[in-house]
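Colleague: Quick one: this structure, given as structure tokens, is what I'll be asking you about.
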Amino acid sequence: MDTPSRNNSFMKNLLISIGGIFIVFALCFGIYQHKREKEYKIDILHSRLQMFNYEMMQTLGRDSVVSHQTFYQYVQRQNIEGLRVSIINTDGTVLLDSNEPQTAAFENHLQRKEIKQAMAKGNGYDIKRASQSSPQTYFYSATLFDDIIIRTAVPYSSELSRMLKADNTYLYFTFLLTILLGVVLYYNTKRIARHIGYLHEFAVKAEEGQELDHELERKLPDDELGDISHTIIMLYWKLRHSEEDKIRLKRQLTQNAAHELKTPAASIHGYLESILENPDMPPEKRQHFIERCYAQSERMNKLLLDMAVLTKLDEAENTEEWNQRTDLTEIIRTVLDDTALQISQKGIDVQISLPDNLIINGNKSMLYSIFRNLVDNVIAYAYNANTLKIGCTEKHEHDCKYYEFTVADNGNGVEPEHLSHLFERFYRIDKGRSRKLGGTGLGLAIVKNAVAAHHGNVAAEITPGGGLTIRFTLKAE
């Protein structure tokens, strides 16, 4: 098993993919921010020179600004080192220049970048372009005023270059943040890889059929990934043990069924053997033996029918047969009609308290079996009972409506230690008496499985004042 290498490979791939995306993002952000920072500083210098142009026009006026003497005096009064101002006509002709009094030799400036921008947008600038009249490199800023353009320039010195250079301080912060996030990313990818490795190890063990109960005791991190890992393990554990329980229950059912069938089969065999070996047996005795054979065969038939019902419940599927719209009030009254003679012979008073419109979706046959087995259980085993109460209340939980039923008697009841075992297959409180009464030990097991098949729960409890109460729920329509 090469789990460690798989973990390292997964962690490496995850780290490279996520880290690569983040690094690309950091580089793009750095380039964008550097460009934006530089443009911001250029805009500041351009704005300052624009303010100078506007101030010059506002101070001198249109006529004075094109006056040779007034123009030169104004520029000299500014006392700005290296400042150069030009007055340019809208046809590109240089009218005045603070550095060159003779402008006739200047070429047409209409194609200069800053002039073209000024003509189009009202202002414009150009960076690091060498002047035609001097070797000096300038930063130019031009402003359009009706029919003339004022262009201001400052030498592109090393100082100006430093000023226009983008501030790279943010790059250091970006680098430190990248390192910090890289550490966090490494830690989290390592943690995720550890969980993936653990689940891979668990999956390999599960595939090989190794014992996995101890996996539940492993210390898992107290976080979402730990919860997910624990949930997966628990689901597998429950599924596996559920399958094991099914196998165990089927094996137990087979063993118990064989044991239960052995007694009536042996009785039938004994009675028939006696009849065959004693052809001169008196008719009365022969008739008695035949009746006993019939009684035992009836018991075997009931046992086989109950086992068939349990098998049907174990294999219950969500088919149309299990989604029939059923009136439970009608089911209960049918059960009471079918058992009216036995109830009357026992002297039991039946009391019913049911809500109106008691409708659910389910299997009519199994729903009948639930109430029939519970009523039969009272008739057969509720010694000294003279009251049978069947009640139902409507309840709501988690936006789900369901009915809670109670079937209670006031007989002798059972000891508390038997309550948790009543729904087990073939469980009997009094084994000898139960067999004499013809019970199969499967009635309450059928009730439990039929209720579970209808998404309900069932429990047994002692009736206040004496007796046994079976409480169960069925999901409403």
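The values are calculated or read from the model by the stated rules, or taken from the named source; none is laboratory data. Worth saying up front: this structure is predicted, and the values here are computed from it rather than measured. Here the Cβ is made from the backbone with ideal geometry for all residues, glycine too, and neighbour counts use every protein chain on show. Side chains are part of the model used for accessible areas, which takes the heavy atoms of the whole protein and leaves out ligands, DNA and RNA. Shrake-Rupley method; radii C 1.70, N 1.55, O 1.52, S 1.80 Å.
Colleague: If you go through region 350-406, how many residues are part of a strand (DSSP E or B) and basic (Lys, Arg)?
Modeller: 3
Colleague: Here's something else I'd like to know. Among (1) of a type outside the set (Ser, Thr, Tyr); (2) surrounded by fewer than 15 Cβ atoms within 10 Å (Cβ to Cβ); (3) at pLDDT 70 or above; (4) within 57 Å of the chain's Cα centre (by Cα), where does ASP146 come up short?
Modeller: (4)
Colleague: Still on this model: Would you please list the contacts, defined by Cβ atoms under 6 Å and residues six or more apart or on different chains, that run from a residue in region 111-128 that is modelled with pLDDT under 90 to a residue that is part of a helix (DSSP H, G or I) and open to solvent by 100 Å² or more (accessible area, probe 1.4 Å)?
Modeller: That search, which allows pairs on different chains as well, returns ASP126/LYS113.
Colleague: Considering every residue within region 94-106, establish whether at least one is more than 19 Å from LYS41 (Cα to Cα), modelled with pLDDT of 85 or more, among the polar types (S, T, N, Q) and open to solvent by 30 Å² or more (accessible area, probe 1.4 Å).
Modeller: Scanning region 94-106, I find no residue that is more than 19 Å from LYS41 (Cα to Cα), modelled with pLDDT of 85 or more, among the polar types (S, T, N, Q) and open to solvent by 30 Å² or more (accessible area, probe 1.4 Å), so the answer is no.
Colleague: Now for a separate question. Pairs, please: C-beta under 6 Å, at least 6 apart or cross-chain, first residue within 15 Å of TYR271 (Cα to Cα) and in region 290-301, second hydroxyl-bearing (Ser, Thr, Tyr) and open to solvent by less than 70 Å² (accessible area, probe 1.4 Å)?
Modeller: ARG292/TYR271; CYS293/TYR271; GLN296/SER267
Colleague: Follow-up. Does ASP167 meet the test of being touching a Phe, Trp or Tyr at 6+ places or on another chain (Cβ under 9 Å), at pLDDT below 70 and not aromatic (Phe, Trp, Tyr)? It would help to see each step written out before you state the result.
Modeller: On the way: touching a Phe, Trp or Tyr at 6+ places or on another chain (Cβ under 9 Å): no; at pLDDT below 70: yes; not aromatic (Phe, Trp, Tyr): yes.
Considered against the rule, which asks whether it is touching a Phe, Trp or Tyr at 6+ places or on another chain (Cβ under 9 Å), at pLDDT below 70 and not aromatic (Phe, Trp, Tyr), ASP167 comes out as no.
Colleague: Please list, ordered by first then second residue, the pairs with beta carbon atoms under 9 Å, 6 or more apart or interchain, first in region 45-72 and under 24 Å from PRO155 (Cβ atoms), second open to solvent by 60 Å² or more (accessible area, probe 1.4 Å) and in a helix (DSSP H, G or I).
Modeller: Every condition considered, the pairs that remain are LEU45/MET163; VAL65/THR59.
Colleague: Among the residues of region 45-80 satisfying the criterion of being assigned to a helix (DSSP H, G or I) and hydroxyl-bearing (Ser, Thr, Tyr), which is least open to solvent (accessible area, probe 1.4 Å)? So that I can check it myself, show each step before the final result.
Modeller: Looking only at region 45-80, we keep the residues that are assigned to a helix (DSSP H, G or I), and these are 45-65, 68-77.
Right, trim to hydroxyl-bearing (Ser, Thr, Tyr) and you get 47, 54, 59, 64, 70, 72, 74.
Values: SER47: 61, TYR54: 121, THR59: 83, SER64: 43, THR70: 44, TYR72: 34, TYR74: 9 Å².
Result: TYR74.
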